[in-house]
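Let me begin by presenting the structure, written as structure tokens, before commenting on it.
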């Protein structure tokens, strides 16, 4: 997918019955701002107004309007693209997940009185 993402200006995702939005994270990690429907876990992986735009779920007019607005504003897209990449690196990378898991396991071990 990297060559496809590199050729794009925007990632659009209707988010119908979307549990998490892994493809949305991939697109953001590749430097693409997102327009997506606000459904399921998508709002957990798109920072509305910062890394992309979330629109009401199942509203094709709002979706089309948001896509049009993003395509007409290249500076906004560029700012959101940068924020999207930063968000994925800082909040959703494997390194961040490992840090959060380690903290949770350390806290659980302390509660149970286990030692490292």
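Values in this text are rule-based calculations from the coordinates and carry no lab data. Keep in mind that this is a model prediction, so the values were computed, not measured. Neighbour counts are summed over all protein chains in view; Cβ atoms, including those assigned to glycine, are modelled from backbone coordinates with ideal geometry.
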- Item | Inter-label distance, nm, simple model (7 Å from Cα along the C-beta direction), residue 26/residue 58 | 2.7 nm
- Item | Residue order, fewest to most beta carbons within 10 Å, for 106, 85 | 106, 85
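If we count other beta carbons within 10 Å of each Cβ, what is the order of 1, 70, fewest first? List each step's numbers first, then the result.
Values: 1 9, 70 21.
By the 10 Å Cβ count, ascending: 1, 70.
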- Degrees, to the nearest 10: 60-71 long Cα axis against longest axis of the chain: 90 degrees
- Message: I'd like to compare 74-82, 39-47: which one has the highest average count of other Cβ atoms within 10 Å, and what's the full order after that?
- Response: 39-47, 74-82
- Message: Helix 94-112 against the longest principal axis of the chain: what's the angle in degrees, Cα atoms only, rounded to the nearest 10?
- Response: 30 degrees
- Computed over region 2-112, Cα set: Rg, Dmax in Å: 15.7, 56
- Note on the structure: For the chain, longest principal axis from Cα atoms; helix 74-91 axis from its Cα atoms; angle between them, nearest 10 degrees, is 10 degrees
- Message: Using Cα-Cα distances under 8 Å and only pairs 6 or more residues apart, what relative contact order does the chain have, in percent?
- Response: 23 percent
- Query: Given the Cα-Cα distance of residue 99 and residue 44 and 0.36 nm per residue of separation, how much length would full extension add, in nm?
  - Reply: 17.9 nm
